[in-house]
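Trainee: I'd like to ask some things about the structure below.
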Amino acid sequence: MGRSDPSLMERNLVADGVQPADPAKLAASFDLRSLPPSFYENPYPTYHALRAHDPVRRMPDGSYFLTRYADIVAVYRDARTFSSDKQVEFRPKYGDSPLYQHHTTSLVFNDPPLHTRVRRLIAGALTGRAIAEMEAAVEQLVAALLDAAERKGRFDVIGDFAAAIPVEVIGNLLAVPQEARGPLREWSLAILGALEPVLTPEAAARGNRAVEEFLAYLRGLVADRRAHPGDPARDVLTRLIHGEEGGERLSGAELLHNCIFILNAGHETTTNLIGNALFALLEWPGEQRRLIDDPALMRTAVEEFLRFESSNQLGNRRCVDECEIGGVRLAAGSLVTMCIGAANRDPAQFPDPDRLDIAREPNRHLAFGFGVHQCAGLNVARMEGRIAIARFLARFPRYRLAGAPVRGGRARFRGFLSIPVEAA
C-alpha cells in the first residue's frame with residue numbers, strides 16, 4: 001500500500017530553519033511572496049502547519065491564505081460574496097499590458113455574465129458523447145508517443161509524453177493546424193508562469209511577449225474559421241465565434257483571450273496530472289504494483305492522483321462585502337488565496353491524507369475547483385489521464401528514474417519540467 005515519508009517532511013522543515021517539532025513557528029513565518037526553495041519541492045508540511053495553527057492566515061500584504069477544506073468550499077459556494085474578477089487585483093501587478101488584458105478577460109478570472117456565457121459555449125462541445133468520440137484519437141496518439149519512447153529507451157516523461165497529449169487534444173478541439181502547434185506549450189508556460197505570487201521583470205516580459213504572439217496567431221485562425229466554419233457540435237472555436245442561437249456573441253477580445261485560456265488550461269492540468277501521477281507511482285511502488293495488477297482501479301486512481309498532487313494549487317477571490325470565513329472577519333475588498341493543495345490534504349476530509357491510495361473512496365477533491373467555477377474540461381482531462389497512465393504502465397511496467405527530475409518551481413501550478421526515465 002505504501003506509506004508516508006515523515007523523514008522527507010522533517011528534512012524540508014529543517015531546510016527552512018524550523019525544527020519538525022515547531023510547526024507553529026513555520027506557520028507564523030509563512031509568506032507566499034517569500035518562499036524558501038524547499039517549499040517548491042514539498043509544500044505539504046507548511047500546509048499542515050498552517051491548517052493546524054493559522055488556517056485563515058493574514059499575510060504581510062494584508063491578504064488571507066486559507067488551508068482548510070471546509071473554508072475553501074464555503075468560498076467556492078458563495079460566488080456573490082467572493083468575486084473572481086481580477087481587474088482590481090491585477091492592475092498593480094501587470095499595469096496596462098497584454099498580460100492584464102488577457103487575465104482579466106479570460107473565463108476563469110471573471111464573474112457572470114461573461115463567465116456564464118463562455119463556460120456554456122465550451123461545455124456544449126464537451127458532452128459525454130463528444131468526449132467518448134475523442135478516445136480513439138487519444139489512444140492512437142498515446143500509442144505513437146510510447147512507440148517513440150520505446151525506441152529511445154531513455155526519455156523524458158514530460159517532454160516526450162505528458163506535454164504532447166493535451167497540446168494535440170486541445171489543438172483538435174479548436175482545429176488548430178498541426179503545423180502551427182509547436183509554440184503552444186512555451187506560450188502556455190510563459191503566460192501561466194506570470195500568475196506566480198512574485199512576478200519578476202523577466203517573467204513579465206516573457207508572458208507579455210507570449211500573449212502578443214498568441215493573439216497574432218489566433219487572429220489569422222479566427223479569420224479563417226469565420227470563412228470556413230466547422231461543426232459547432234465538435235469545434236469549440238466555431239461555437240465561440242457564432243455563440244448561442246439568439247444569444248449575445250463574444251466580443252473580438254473575449255473570443256481571442258478565451259481561446260488562449262482554453263489552450264493554456266487544458267495543457268497545464270493534464271500535463272501535470274500525467275507527470276505527477278507517474279512520479280508518485282515511483283515513490284509508492286506498492287500502489288504502482290496494485291494498479292498494474294488491477295487496471296480496473298484506474299478510475300479511482302486518477303481521482304487520487306488529482307487529489308494527492310493537485311496541478312492547480314492556488315485559487316484567488318476578492319471579498320465584495322464584509323464577511324466571515326473560518327471565524328475570521330474580512331473587510332470588503334480583502335483578497336483571499338484558497339490553497340487547493342492544502343484542502344486536498346486536509347485530514348478532516350481525507351483520512352491519512354499524505355498516503356497515496358489509488359482505491360480511495362469517497363474522494364471529493366477540489367483539483368478541478370467547485371461550484372460555478374468548476375473546470376469545464378474536467379472530463380476531458382480525466383479521459384486523457386486515464387488512457388495515458390494506463391497505456392504507459394502497460395508498456396513500461398518497470399520504468400525507473402534515469403536522472404534527477406526537475407520540478408516546475410512554481411507555487412500556483414505543481415508539476416515537473418522534466419522526469420527522465422528508462423524503460424527497465
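The values are calculated or read from the model by the stated rules, or taken from the named source; none is laboratory data. Please read these numbers as outputs of a predicted model, since none were measured by experiment. Glycine also receives a Cβ, built like all others from the backbone with ideal geometry; neighbour counts cover every protein chain displayed. When the accessible area is computed, the model is the full protein with side chains, heavy atoms only, and any ligands, DNA or RNA have been set aside. Shrake-Rupley method; radii C 1.70, N 1.55, O 1.52, S 1.80 Å.
Trainee: From the residues in segment 69-109 that are charged (D, E, K, R) and out of contact with any helix residue (DSSP H, G or I) (no Cβ under 6 Å at 6 or more places or on another chain), which one is surrounded by the fewest Cβ atoms within 10 Å (Cβ to Cβ)?
Mentor: Among them, the one singled out is Asp96.
Trainee: Identify all residues within segment 193-211 that are crowded, with 20+ Cβ neighbours inside 10 Å and either in a loop (DSSP other than H, G, I, E, B) or more than 18 Å from the chain's Cα centre (by Cα) (or both); write none if there are none.
Mentor: Matches in segment 193-211: Ala194, Leu195, Asn208, Ala210, Val211.
Trainee: If we scan segment 339-362, do we find a residue that is small (Gly, Ala, Ser), more than 29 Å from Gly124 (Cβ to Cβ) and touching an Asp or Glu at 6+ places or on another chain (Cβ under 7 Å)?
Mentor: Scanning segment 339-362 turns up no residue that is small (Gly, Ala, Ser), more than 29 Å from Gly124 (Cβ to Cβ) and touching an Asp or Glu at 6+ places or on another chain (Cβ under 7 Å).
Trainee: Another question, if that's okay. Out of Tyr40, Tyr47, I need the residue that is closer than 21 Å to Val198 by Cβ, open to solvent by 30 Å² or more (accessible area, probe 1.4 Å), at pLDDT 95 or above and assigned to a helix (DSSP H, G or I). Which one?
Mentor: Criteria check complete, one pass: Tyr40.
Trainee: Note down all Cβ pairs under 9 Å where the first residue falls in segment 314-337 and is without any contact (Cβ under 8 Å) to a residue 12 or more places away in the chain, the second is open to solvent by 50 Å² or more (accessible area, probe 1.4 Å) and among the basic types (Lys, Arg), and they're at least six residues apart or on different chains.
Mentor: So the pair list comes out as Glu322/Arg329.
Trainee: Yes or no: Val421 closer than 27 Å to Leu126 by Cβ, of a type in the set (Val, Ile, Thr) and open to solvent by less than 30 Å² (accessible area, probe 1.4 Å)?
Mentor: Judged against the criteria, Val421 is not a match.
Trainee: If we keep just the residues of segment 315-353 that are outside any loop (DSSP other than H, G, I, E, B) and out of contact with any Leu (no Cβ under 9 Å at 6 or more places or on another chain), which is most open to solvent (accessible area, probe 1.4 Å)?
Mentor: For segment 315-353, the residue satisfying everything is Arg329.
Trainee: Filtering segment 152-187 down to residues that are outside any loop (DSSP other than H, G, I, E, B) and among the basic types (Lys, Arg), which residue is surrounded by the most Cβ atoms within 10 Å (Cβ to Cβ)?
Mentor: Arg185
Trainee: Being farther than 27 Å from Leu199 by Cα and in a helix (DSSP H, G or I), is that true of even one residue in segment 395-405?
Mentor: yes
Trainee: Would you call Ala190 exposed (fewer than 15 other Cβ atoms within 10 Å of the Cβ) and either small (Gly, Ala, Ser) or in contact with a strand residue (DSSP E or B) (Cβ under 8 Å, 6 or more places away or on another chain) (or both)?
Mentor: It is false that Ala190 is exposed (fewer than 15 other Cβ atoms within 10 Å of the Cβ) and either small (Gly, Ala, Ser) or in contact with a strand residue (DSSP E or B) (Cβ under 8 Å, 6 or more places away or on another chain) (or both).
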